[in-house]
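A.B. asks: Pasting a structure below so you can have a look.
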Amino acid sequence: MVARAFSAPRKHLARARDEMADEVFHPAARVLESGVYQVQHYRHRLYHEVSIARGGIFPMCSECGSNVRFRLVRTAPPIESDRNFASRKRRAV
C-alpha cells in the first residue's frame, strides 16, 4: 500500500488566505498573517502598500486616526523563516 500525501490542509490554508484578502482590518486588531497590506486612508492620502509582520497590531494613522483600514494583498513570510536565510543557530536545531 502506498501512502498518499494529505492535501486538504494546504487547500484550507489557501482558502483562508483568500478569505483574509477580502477582509478589512482596523487599527488595534492583531495581525494574523505576515504580508503586504494595502493601506486605505480616509480622505488625505491615496492607497499604498506596506509590509506588516504577524503578531503585531495594525496601527492608527497620524492623520486619519482609527479611520485607516488595511487589506491583505499577499502573504509574505519573514525572511528569517526561509531555510536559506535562517541563522546558523536555527538551522542546527
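Taken together, the values in this text are just the output of simple stated rules run on the coordinates, not laboratory data. None of these values were measured; they are calculated from a predicted model. Every residue, glycine as well, gets a Cβ built from its backbone with ideal geometry; the counts of neighbours run over all protein chains shown.
A.B. asks: Between C64 and F85, what FRET efficiency follows from the Cβ-Cβ distance if R0 is 30 Å, with the result rounded to 0.05?
C.D. replies: Working: r = 36 Å, r/R0 = 1.19.
The value I calculate is 0.25.
A.B. asks: Taking every eigenvalue of the Cα gyration tensor of the range 16-92, multiplying by 5 and rooting it, what semi-axes result, largest first, whole Å?
C.D. replies: 28, 13, 11
A.B. asks: Beta carbons within 10 angstrom, averaged per residue: use that to sort the peptides 73-86, 25-38, highest first.
C.D. replies: Details: 73-86: 10.9, 25-38: 15.5.
With the highest mean Cβ count within 10 Å placed first, the list reads 25-38, 73-86.
A.B. asks: Something else now. Can you pull the one-decimal nm distance between simple spin-label points at R30 and R45, each 7 Å off the Cα toward Cβ?
C.D. replies: Once both label points are built, they end up 2.6 nm from each other.
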